[in-house]
Amino acid sequence: MPRALGHSRRGAADRLFLRRLSPGDAYELTGDHREAVRVWERAAEHCPRCPLLARLERAYGRGRPSRIIALYRVAVERAPDDLALAVAAACSSS
């Protein structure tokens, strides 16, 4: 897998994304929901991607829709050419 990431257009960003996503998933699997959310939030600040934002959306649940919408908006501002983020943002705000 490291070789495949090296050939990616965004190799360094992808490696950072995977390093941040995996520990959050590990915390979630061990039942440490709060730490999982912290890891995912920090990762979203640096490298917003749909799988990460979907995890945060699931973690926040229906109780914090304004926070979820804000996350997607910031993600789209940081990556305006990312069509997947734009579609996800549009779906989250409706």
Q.
Students sometimes get this wrong: rank ARG64, ARG49, ARG58 by accessible area, probe 1.4 Å, all chains present, largest first.
A. ARG58, ARG64, ARG49
**Q.** Residue order for CYS47, CYS91 - accessible surface, 1.4 angstrom probe, largest first
**A.** CYS91, CYS47
Q | Mean accessible surface per residue for the range 40-94, computed with a 1.4 Å probe while every protein chain stays in place, in Å² | A | 60 Å²
Q.
Suppose the chain between ARG73 and HIS46 were pulled fully straight at 0.36 nm per residue; how much longer would it get relative to their current alpha carbon spacing?
A. 8.3 nm
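The values are calculated or read from the model by the stated rules, or taken from the named source; none is laboratory data. Since this is a predicted model, take the numbers as computed values, not measurements. Protein only, heavy atoms only, side chains kept; ligands, DNA and RNA dropped before computing areas. Shrake-Rupley method; radii C 1.70, N 1.55, O 1.52, S 1.80 Å.
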